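The values are calculated or read from the model by the stated rules, or taken from the named source; none is laboratory data. Since the model is a prediction, treat every value here as computed from it, not as a measurement. We place every Cβ from the backbone using ideal geometry, glycine too, and count neighbours over all the protein chains shown. For accessibility, only protein heavy atoms count, side chains too; no ligands or nucleic acids. Shrake-Rupley method; radii C 1.70, N 1.55, O 1.52, S 1.80 Å.
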Amino acid sequence: MFLSTLTPKFYFALTVTSSFISGLIFVFEWWHFRKYGTSFIEQVSVSHLRPLIGGAESSPPAPAAFLAGENETSRQNMPECKVWRNPLNLFRGAEYSRYMWVTGKEPLTYYDMNLSAQDHQTFFTCDTDALRPSDTVMQKAWRERNPQARIKAAYQALELNNDCATAYVLLAEEEATTIVDAEKYFKQALKAGEMIYRKSQNCHSQSPQHEAQLRRDTNVLVYVKRRLAMCARKLGRIREAVKMMRDLMKEFPLLSMLNIHENLLEALLELQAYADVQAVLAKYDDISLPKSAAICYTAALLKARAVSERFSPETASRRGLSTAEINAVEAIHRAVEFNPHVPKYLLEMKSLVLPPEHILKRGDSEAVAYAFFHLQHWKRIEGALNLLHCTWEGTFRMIPYPLEKGHLFYPYPSCTETADRELLPTFHEVSVYPQKELPFFIHFTAGLCSFSAMLALLTHQFPELMVIFAKAVSTGEVASSQSHACGA
């Protein structure tokens with residue numbers, strides 16, 4: 001009796017409402033997957049519903065990367081998920097802030113800036129800061145979140161001590177709006193830093209506190225000299241920048257973890273001093289040293305330079321690859337395996353953004369940082385990008401399951417996507433490798449939305465027929481349940 005009283009308008013409203021709600025769920029699921037890389041419904045089901053239905057004791061299945069040799073693989077992957085300071089990071093006041101003034105977009109994430117604040121506290125502070133009022137003020141300045149408060153504190157430190165090197169460093173990084181102004185501040189920081197460094201050298205053996213102070217003053221001096229070399233590079237004085245970097249690496253050879261050689265590689269490529277680039281690679285592209293996109297792709301670029309001008313895919317398919325071409329292709333495959341995100345930026349298949357202050361090796365953040373500075377070097381060598389375009393995708397045939405087993409490197413770490421989303425701005429579409437399949441619930445909600453929309457359209461066009469069909473389906477279900485009851 002209830003079904004016989006329902007009108008076509010009811011069925012039309014029901015199907016339209018169902019289509020609208022399922023469409024909203026589909027749009028939200030798609031947005032959540034694009035932003036966070038997971039299905040919202042699946043995440044909620046695993047986190048909240050599984051314990052309610054008695055699944056709390058069962059642990060989730062291990063990721064593919066940990067199926068074979070779990071302990072060994074996890075030990076291999078953990079170091080590669082470490083976040084590193086970008087060796088070529090830009091200046092906040094002279095570059096990042098100017099970008100924000102022009103576009104209205106914040107180029108740095110809070111997570112990235114917080115890591116930088118921690119770096120500054122590690123590099124530029126020590127236990128003896130309480131002995132010098134200016135250093136006490138700067139210790140507080142590095143913890144300030146507000147840029148204007150940091151700049152104000154730097155000026156307060158200079159009022160207490162006109163030779164406070166870290167105050168000049170902060171002003172160079174954050175107040176200077178041009179590279180020329182930043183260089184002036186860094187020159188003042190260098191003068192003050194060298195004086196303090198010499199004093200610390202004379203006293204470092206007196207106590208552990210003096211040793212800590214020497215380490216801090218060494219960090220300040222190395223940082224200032226490196227940034228001065230980067231200023232010279234940006235202002236076109238490239239030979240001067242190369243000399244400063246070489247001198248710095250000779251003076252402090254134990255600070256190789258700062259990756260100053262990557263600054264040197266980029267400057268030498270700008271000079272087109274390829275023999276010097278090869279000499280640097282011979283020293284740092286070693287199996288015992290950690291790799292980077294700059295090392296791997298620069299090695300590939302030098303190999304490609306030898307054959308790219310005469311390379312033709314048609315000719316190569318007819319006569320086969322020469323030895324030099326095979327070496328170039330293998331170098332490209334090696335680089336792509338290390339960081340598969342880089343080629344799309346070099347081939348301009350994806351748009352670049354300003355590189356973050358920290359990068360994740362083998363991740364999208366490292367790819368952005370590398371391509372931002374090295375794209376011009378690839379364009380300068382005729383045919384290099386064409387060779388990359390023809391060969392880079394062949395890498396993936398050698399590593400069909402990159403999360404489980406690599407070819408020349410460890411399996412690709414599964415943590416890169418999460419870290420890159422924290423490091424890169426929200427307006428940048430993070431590159432994901434390997435590409436994830438769409439979750440089941442996106443397919444389900446899309447199908448449900450389409451099916452209910454089709455029913456709504458049919459109900460609108462053929463109301464009487466759809467009412468008869470709905471009643472027949474409902475009546476059939478009722479008759480079936482009654483027959484089952486009678487049989488029981």
Which residue is surrounded by the most Cβ atoms within 10 Å (Cβ to Cβ), if the candidates are limited to region 139-170 and must be outside any loop (DSSP other than H, G, I, E, B) and touching a Lys or Arg at 6+ places or on another chain (Cβ under 7 Å)? Leu170
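Let's see how each residue does on (1) at positive phi; (2) surrounded by 16 or more Cβ atoms within 10 Å (Cβ to Cβ); (3) part of a helix (DSSP H, G or I); (4) at pLDDT below 90:
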{"residue": "Phe20", "(1), (2), (3), (4)": "no, no, yes, yes"}
{"residue": "Glu29", "(1), (2), (3), (4)": "no, yes, yes, yes"}
{"residue": "Val44", "(1), (2), (3), (4)": "no, no, yes, yes"}
{"residue": "Gly55", "(1), (2), (3), (4)": "no, no, no, yes"}
{"residue": "Ala65", "(1), (2), (3), (4)": "no, yes, yes, yes"}
{"residue": "Pro87", "(1), (2), (3), (4)": "no, yes, no, no"}
{"residue": "Ala94", "(1), (2), (3), (4)": "no, yes, yes, no"}
{"residue": "Pro107", "(1), (2), (3), (4)": "no, yes, no, no"}
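Across region 331-353, what is the total count of residues that are assigned to a loop (DSSP other than H, G, I, E, B) and surrounded by 20 or more Cβ atoms within 10 Å (Cβ to Cβ)? Steps first, please.
Our first condition is that a residue be assigned to a loop (DSSP other than H, G, I, E, B); within region 331-353, this holds for 339-341, 347-353.
The next check asks that each one be surrounded by 20 or more Cβ atoms within 10 Å (Cβ to Cβ); those that pass are 339-341.
So the answer is 3.
Taking region 381-391, which residues are of a type outside the set (Val, Ile, Thr), part of a helix (DSSP H, G or I) and open to solvent by 10 Å² or more (accessible area, probe 1.4 Å)?
Leu385, Asn386, His389, Cys390
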What is the number of the single condition among (1) in contact (Cβ under 8 Å) with a residue 40 or more places away in the chain; (2) acidic (Asp, Glu); (3) open to solvent by 30 Å² or more (accessible area, probe 1.4 Å) that Glu173 does not meet? (3)
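For residues that are buried (at least 20 other Cβ atoms within 10 Å of the Cβ) and not acidic (Asp, Glu), tally how many sit in region 306-330. I'd like the intermediate steps shown before the answer.
Step one: list which residues in region 306-330 are buried (at least 20 other Cβ atoms within 10 Å of the Cβ), which gives 307-308, 311, 325, 328-329.
So of that shortlist, the ones also not acidic (Asp, Glu) come out as 307-308, 311, 328-329.
Looking only at that region, the number is 5.
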Phe186: passes all of (1) free of Cβ contacts under 8 Å to residues at least 12 places away in the same chain; (2) within 25 Å of Asp135 (Cβ to Cβ); (3) out of contact with any His (no Cβ under 6 Å at 6 or more places or on another chain) but (1)
When restricted to Glu422, Glu464, Glu429, the only residue open to solvent by 100 Å² or more (accessible area, probe 1.4 Å), within 30 Å of Phe372 (Cα to Cα), at pLDDT 70 or above and not hydroxyl-bearing (Ser, Thr, Tyr) is Glu429
Can you name every residue in region 233-284 that is within 17 Å of Ala304 (Cα to Cα) and not in a helix (DSSP H, G or I)? Gln272, Ala273
Selection count, region 339-381, where residues are β-branched (Val, Ile, Thr) and farther than 14 Å from Leu423 by Cβ: 2
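Yes or no: Trp378 open to solvent by less than 20 Å² (accessible area, probe 1.4 Å), outside any loop (DSSP other than H, G, I, E, B), touching a Leu at 6+ places or on another chain (Cβ under 6 Å) and over 19 Å from Leu108 (Cβ atoms)?
Taking the combined requirement at face value, the residue satisfies it.
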Count, please, the residues in region 112-128 that happen to be charged (D, E, K, R) and in contact (Cβ under 8 Å) with a residue 40 or more places away in the chain. 2
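Mind checking whether some residue in region 361-371 is without any contact (Cβ under 8 Å) to a residue 40 or more places away in the chain, open to solvent by 60 Å² or more (accessible area, probe 1.4 Å) and not basic (Lys, Arg)?
Of region 361-371, the ones without any contact (Cβ under 8 Å) to a residue 40 or more places away in the chain are 371.
So of that shortlist, the ones also open to solvent by 60 Å² or more (accessible area, probe 1.4 Å) come out as none.
Within region 361-371 (the criterion being without any contact (Cβ under 8 Å) to a residue 40 or more places away in the chain, open to solvent by 60 Å² or more (accessible area, probe 1.4 Å) and not basic (Lys, Arg)), the answer is no, since none of the residues qualifies.
Just to be sure before I move on: is Glu211 among the acidic types (Asp, Glu), modelled with pLDDT under 95 and either within 22 Å of Ser116 (Cα to Cα) or open to solvent by 10 Å² or more (accessible area, probe 1.4 Å) (or both) in the structure I sent?
On the way: among the acidic types (Asp, Glu): yes; modelled with pLDDT under 95: yes; either within 22 Å of Ser116 (Cα to Cα) or open to solvent by 10 Å² or more (accessible area, probe 1.4 Å) (or both): yes.
So Glu211 fits the description; yes.
If a residue must be open to solvent by less than 20 Å² (accessible area, probe 1.4 Å) and assigned to a helix (DSSP H, G or I), how many such residues does region 121-138 contain? Let's see the steps before the verdict.
Residues of region 121-138 that are open to solvent by less than 20 Å² (accessible area, probe 1.4 Å), as a first pass: 124, 126, 128-129, 134-135, 138.
Right, trim to assigned to a helix (DSSP H, G or I) and you get 124, 128-129, 134-135, 138.
The number of residues fulfilling the criteria is 6.
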For region 242-293, name all the residues that are open to solvent by less than 60 Å² (accessible area, probe 1.4 Å) and at positive phi. Asn259
Over 30 Å from Tyr111 (Cα atoms) and touching a residue at least 24 places away in the same chain (Cβ under 8 Å), is that true of Ile326? no
Could you check region 129-154 and list, in sequence order, the residues that are touching a residue at least 12 places away in the same chain (Cβ under 8 Å) and either more than 22 Å from Tyr96 (Cα to Cα) or over 36 Å from the mean Cα position of the chain (by Cα) (or both)? Arg132, Pro133, Ser134, Asp135, Val137, Met138, Gln139, Lys140
